[in-house]
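Structure first, then comments.
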Amino acid sequence: MSAWEMNVRRVVPYVPGEQPQFAEMIKLNTNENPYPPAPGVKKAIAGVSEDAMRRYPDPDASALVEAIANYHGVAKEQVFVGVGSDDVLAMAFLTFFAGGKPILFPEITYSFYDVWAELFRIPYERPALLEDFHLDVNAFLKENGGIVIANPNAPTSIAEPLSVVEEIVKGNPASVVIVDEAYVDYGKESALPLVDQYDNLLVVRTFSKSRSMAGMRIGYAIGSPALIRAMLDVKFSYNSYTMNAVTIAAGVASIEDDAYFKENVAKVIATRERTTKALEVLGFDVIPSQTNFVFATHPEMLAGDLFAKLRERRIFVRYFKKARIDNYLRISIGTDEEMDCLMKALAEILNENAVKD
Ligand SMILES: *Cc1c(COP(=O)(O)O)cnc(C)c1O
């Protein structure tokens, strides 16, 4: 071992879903949107001037911050933008979880939370979800150094009602409560109406799913001006220019076309409902989803085997080899045609399996 290795920060990185590069494949493994972004997005990108490329971008990303603030009816002092919600969440962990007490997030949730906690040396505890995968509210009403919940949760696709989120925010006035709403456009109520009432609530959103812009990397947080100020101080101590000029223009254009956005969301929800029924016809148990994916298990075939068989056919879904969920598949909602291909493949695979038995 070299002497310098003693001084290396050792971390076990987050493993994102694979991005295979086949021309022909059905990719339902990272909750990407099957439809393109609003047509204005591409135009806005093409319209970025060479001067804008030559110069440093606006460090405040003001155009995007203002567009988001107007869209949600909050002050621009209540908005923080970053390079995807992963960047926003990482900044929030670094900013708000410096107290030394363990932070809390559910045992089954977005698997980046424990990676950031490890990276930033933040102690954490992971209360178990209830038997039905709902949040155990009481486990989040004990002393802690901060709270993170994804609502709707991933990979379960379950959303808790706003009353549950409010109980947690209200019951923890000494902690910042981060609510990761990556999927909220497909689900129940947002916690945004609570931000003016509770100065310890930070709501985090992304353009990656419902706005079809995972490749552009835009996320944001909305909270009290005091929370946002604290995050900005950390951001400007780390990297002033997180948002580039092209991304800022693309983000503004997406926000400007609300009709397209709503239509896109409605299409994915319609396909989700159709997919749920089709999976049930094939014998799957499907958790009622409030997201752009479904979480499903089959009584006769192991999820790991189904995953491998689908993969052979270049149909990619997500499988987590993790206690309690290792017999589930997480399937992103694609186009109706893609879901039809998936159903056909699943029917064949299940049939072969039944014959073998
Ligand atoms: C997809 C996802 C994110 C990350 O989204 P980006 O904005 O693409 O970084 C964060 N949280 C949850 C729960 C997600 O599913």
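The values are calculated or read from the model by the stated rules, or taken from the named source; none is laboratory data. Keep in mind it's a predicted model, so treat the numbers as computed, not measured. Note: ideal-geometry Cβ built from the backbone for every residue, glycine included; neighbour counts use all protein chains shown. For accessibility, only protein heavy atoms count, side chains too; no ligands or nucleic acids. Shrake-Rupley method; radii C 1.70, N 1.55, O 1.52, S 1.80 Å.
Taking LYS76 as the anchor, which lysines have their alpha carbon closer than 19 Å to its alpha carbon, excluding any fewer than eight residues away along the same chain?
By straight Cα distance, LYS76 reaches LYS235.
Under a 1.4 angstrom probe, counting protein chains only, how are SER237, SER289 ranked by accessible area, largest first? Mind dumping the intermediate values first?
On the way: SER237 100, SER289 10 Å².
Putting SER237, SER289 in descending order of accessible area: SER237, SER289.
Is the shape of the stretch 40-157 rounded, prolate or oblate, going by the alpha carbon gyration tensor and its root eigenvalues a ≥ b ≥ c, with a/c under 1.5 for rounded and a/b larger than b/c for prolate?
Taking the square roots of the gyration eigenvalues as a ≥ b ≥ c, the stretch 40-157 is prolate.
On a 0 to 90° scale, report how tilted helix 258-281 is relative to the longest principal axis of the chain, with both axes built from alpha carbons and the result rounded to the nearest 10.
The helix 258-281 is inclined about 30 degrees to the chain.
Looking at the chain, what % of its DSSP beta bridges pair antiparallel, to the nearest 5?
Percentage antiparallel, nearest 5: 55.
Hey, which of these cross-link pairs are over 30 Å Cα-Cα: LYS43/LYS277; LYS209/LYS322; LYS209/LYS277; LYS170/LYS322; LYS101/LYS209?
Those over the limit are LYS43/LYS277; LYS170/LYS322; LYS101/LYS209.
Say each of ASN327 and LYS262 gets a label point 7 Å from the Cα, pointing the same way as Cα to Cβ; how far apart are those two points in nm?
4.3 nm
Let's test the formula: R0 of 30 Å, r as the Cβ-Cβ distance of ASN70 and ARG274. What FRET efficiency results, to the nearest 0.05?
With R0 = 30 Å, the Cβ-Cβ based efficiency is 0.30.
What does the highest-first list of 53-59, 299-305, 248-254 look like by mean Cβ count within 10 Å?
Numbers: 53-59: 12.3, 299-305: 14.1, 248-254: 23.9.
Highest-to-lowest ranking by the protection proxy: 248-254, 299-305, 53-59.
Between the helical axis of 62-72 and the dominant principal axis of the chain, each derived from Cα atoms, what acute angle in degrees is found, rounded to the nearest 10?
It is inclined by approximately 60 degrees.
Where a Cα-Cα gap under 18 Å defines reach, which aspartates and glutamates qualify for LYS267, not counting those fewer than 8 residues away within the same chain?
GLU32, ASP185, ASP257, ASP258, ASP336, GLU337, GLU338, ASP340
Do you know the relative contact order of the chain, to the nearest whole percent, from alpha carbon pairs under 8 angstrom that are 6+ apart?
About 23 percent, as a whole number.
Dipole size in debye (nearest 20) for the chain around its Cα centre, Lys and Arg Cβ +1, Asp and Glu Cβ -1?
680 debye
Give the shape of the stretch 137-282 as rounded, prolate or oblate, defined through the alpha-carbon gyration tensor: a ≥ b ≥ c are the square roots of its eigenvalues, a/c under 1.5 means rounded, and otherwise the shape is prolate if a/b is larger than b/c and oblate if not.
oblate
Just for the Cα atoms in the stretch 176-257, what are the lengths along the principal axes, largest first, rounded to whole Å?
Projected onto the principal axes, the Cα atoms of the stretch 176-257 cover 36, 33, 18 Å.
Go ahead and run the numbers for FRET between ARG311 and ASP132, Cβ-Cβ distance against an R0 of 22 Å, rounding to 0.05.
Once the sixth-power term is evaluated, E becomes 0.15.
Would you list the P(r) distribution for the chain, with all Cα-Cα distances sorted into 10 Å bins from 0 and each bin expressed as a whole %?
The calculated distribution, bin by bin, is 5, 23, 31, 25, 12, 3, 0.
Carbon-plus-sulfur fraction of the accessible area of the chain, 1.4 Å probe, in percent?
Values: 8950 of 16700 Å².
Of all accessible area on the chain, carbon and sulfur atoms account for 54 percent.
Contour minus end-to-end for GLU300 and TYR35, with contour as 0.36 nm per residue of separation and end-to-end as the Cα-Cα distance?
Details: separation 265, 0.36 × 265 = 95.40 nm, distance 3.32 nm.
So the chain would gain 92.1 nm between GLU300 and TYR35.
Rounded to the nearest 0.05, what FRET efficiency do GLU352 and ASP51 have when you use their Cβ-Cβ distance and R0 = 56 Å? Don't skip to the end; give the middle numbers.
Details: r = 60 Å, r/R0 = 1.07.
Calculated transfer efficiency: 0.40.
To the nearest 20 debye, what charge dipole does the stretch 1-119 have about its Cα centre, counting +1 at the Cβ of each Lys and Arg and -1 at the Cβ of each Asp and Glu?
For this selection, approximately 120 debye.
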